[in-house]
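The block underneath contains the structure these notes are about, expressed in C-alpha cells.
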Amino acid sequence: MEFSIRALAPEKAKTGCLVLAVHAGGNAGGNNLLRAAQAADKAAAGALRRVLAQGDLAGKAGATLLLQKIPGLAAERVLLVSLGERKEFSVAQFREAVRGTAAALKGLGARDAVFPVADFAVGGRGLPWAVRHVISGMRESFYRFDQLKTQKKPAAPALAAVTLAITGAPVTLQAQAAVREAVATADGADLARTLGNLPPNLCTPSYLADEARKIAKQFKLGIEVLERKDMEKLGMGALLAVTAGSRQPPKLIVLRYAGAAKSKKPLVLVGKGITFDTGGISLKGGAEMDEMKFDMSGAGSVLGAIRALAGMRAPVNVVGVVPTCENMPDGAATRPGDIVTTMSGQTVEILNTDAEGRLILCDALTYSEKFDPEAVVDIATLTGACVVALGHVASGLFANDQKLADEILAAGDDAWDRAWQMPLWEDYQEQLRSNFADMANIGGRPAGSVTAACYLARFTRKLRWAHLDVAGTAWRSGREKGSTGRPVPLLVRLALRSAARRG
Ligand code: BES
Ligand code: MN
Ligand code: ZN
C-alpha cells in the first residue's frame, strides 16, 4: 500500500473513500464533527449532520458508518469513523479508530482513500506523531501471511493507496519525513512478523542468515556470518551447548548499518534467535509447543529494525548481533548438570536446558564488546515468567544504566510499543548460586524474569546495557495466533531519538 501526504480540501477529494472523523456524544451537534467532517458537511449542505442525527454511528472509538455518493462531495464514498467521547480521546481511542477504519476499508472496492490525518491527532502528540501512527495502524491491519495457503481467502483488499490530507496548512518537511519513517518501520515490522510466522522447518538458523544476507545486499550493509568453527575458536561454550542436540548448523549473524560518521559509536542490538525451542533434554510439555517457533522473535526484530533504519537512511550506526540455533533433545544434546565455559571465561552449570536463551545471549553479549558500543540492547522471548508478570501489553525492561532505561521507556511510549521496567537488584543474584560452577543458568521459581536478566547482567559489566523480555509481546496466541512484529517500532524510535538528541 502506498502512502502520501498533501494539502487537500476534503470536499474536493476525488477518491474511492473519504474518511471523516467524528466524536461521539451530544446530539451529533456541530462540535462533534472534526475539521474535515465540518468542511465536507458544509459542502454537502448538512447531509452528514442529518445522517448522524439518525443515530446510525455507534459512539465507541473505531465504530464506522459507510455512506455512498453524497451530493456536494467529490468522493465516491464517505466513511464516518468515531473517535469516541471527546474528553476521553487519547492514544488508545486513536488506535481503535485507525483499526476500525482499516477494517472497514479492507472490505470495500475502493482502490484509494483520503485520510484527514490532523483530525486524528492526539493532544500534545503533534502531527508527525499522528502521521506515523495512522500509517503503522493501517499497515498492521493490512498485514497478511498467506504464502503457505494454496487458496488465498479472502481475496486481497482492493485498497492500494492512502493519501493523508492536510487542510488549511502547508505540508511540513517533518510530516513528509514521518511518512518515510513510518513506511520503512512498517516494512521492518512486517519482515519481523513474517520471519516469526514462518514454520520452524523453513525458518532455520541458515534461513535467518540468508535473510540477513539479502537485506545486506539490498541496502548495501556489512554482513558477516560466524559458523560453528568460529564459535569454537572464540570459546562460545554456552552457545555451542544449546546447539549440541540439533542437526541444523548454528549461526552468529552480524549485520552492520552505518548511517552516521565512523566516529559515532554504534547501538548494538542483540536478538535471541532460537528457531525452535523444545526445551532440549529438559523437554517442554506438548501444549502449544508449536508456538516455540516464535522463539526467534528477538532475532527477527533486530533484522527488522535494521532493515527499517537502512530503508529510511537514518543517520545512525547500528550493529545487529544475532545468535541463532535450535534447542533440541538428542543423544548429543547438553544434559542438565553439564558445566560449560562461556566466551567471558565464566563457567555455568546448566541445570535446565530449557533456559537456553540466556546461554546463547551471554556469548553474543560478550562478543558485542568488540564493537565499542554506545549501548547494547538485547531482545529476547526469554521467560514465561515475564508473561505472568506483564501479560501481553508491556515488554519487560531491565537495564544497568537508568538513562538508557528512561530512553527506552520514552521510545516505547512514543511508538506505542511500550515497555515496563523491572528491578535488576543485586539481591536477586544469589538465586543463581551453583555448588559446582561460577553460576547456575536458572534461579528457581520466584522472579523468573528478573533472575534471567540477572544472569545476563553478569556478562554485560563492561557495557551500557538493557534487556527487553518480549515473551508476552512478540506474538499472539489463540485464534489470532501470529507474530506482532514488536518491538521493531520501539527499537527504531530508540535509534532515531538518540540520533536526534546527539545531533
Ligand atoms: N522461550 C522460552 C520462554 C517462553 C516460554 C516464552 C513460554 C514465551 C512463552 C524460554 O527459553 C524458556 O523456556 N524459559 C523457561 C526458563 C526456565 C526453565 C527457568 C521458562 O520460562 O519456563
Ligand atoms: Mn526454553
Ligand atoms: Zn526459549
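The values are calculated or read from the model by the stated rules, or taken from the named source; none is laboratory data. Being a predicted model, the structure only gives us computed values, none of them experimental. Using ideal geometry, Cβ is built from the backbone for each residue, glycine included, and neighbour counts are taken over all protein chains shown.
General observations
- Tally, over the range 379-421, of residues that are of a type in the set (A, V, I, L, M), more than 16 Å from ligand 3 (Cβ to nearest atom) and within 24 Å of T185 (Cα to Cα): 11
- In the range 222-276, the residues that are assigned to a strand (DSSP E or B), more than 16 Å from ligand 2 (Cβ to nearest atom) and of a type in the set (S, T, Y): Y257
- Filtering the range 317-333 to residues that are of a type outside the set (S, T, N, Q) and either in contact with a Cys (Cβ under 8 Å, 6 or more places away or on another chain) or under 23 Å from A474 (Cβ atoms) (or both) leaves V318, V319, G320, V321, V322, P323, C325, E326, M328.
- Close pairs from the range 128-149: first without any contact (Cβ under 8 Å) to a residue 24 or more places away in the chain and outside the structural domain of W475 (by TED's automatic domain parsing), partner part of a loop (DSSP other than H, G, I, E, B) and among the basic types (K, R), Cβ under 6 Å, at least 6 apart: D146/K152
- Among the residues of the range 406-461, those that are in a strand (DSSP E or B) and either of a type in the set (G, A, S) or at pLDDT below 95 (or both) comprise A419, A440.
- Test: residue in the range 484-492 that is away from ligand 3 (no atom under 16 Å from the Cβ) and without any contact (Cβ under 8 Å) to a residue 60 or more places away in the chain: no
- In the condition set (1) more than 16 Å from ligand 3 (Cβ to nearest atom); (2) surrounded by fewer than 22 Cβ atoms within 10 Å (Cβ to Cβ); (3) farther than 24 Å from G188 by Cβ, N352 is compliant with all but (1).
- The numbered conditions (1) within 16 Å of ligand 3 (Cβ to nearest atom); (2) surrounded by 16 or more Cβ atoms within 10 Å (Cβ to Cβ); (3) within 23 Å of the chain's Cα centre (by Cα) are all true for I442 except (3).
- If you check D354, D378 for being within 13 Å of ligand 1 (Cβ to nearest atom), touching a strand residue (DSSP E or B) at 6+ places or on another chain (Cβ under 9 Å), among the acidic types (D, E) and in the same structural domain as A453 (by TED's automatic domain parsing), only one passes: D354.
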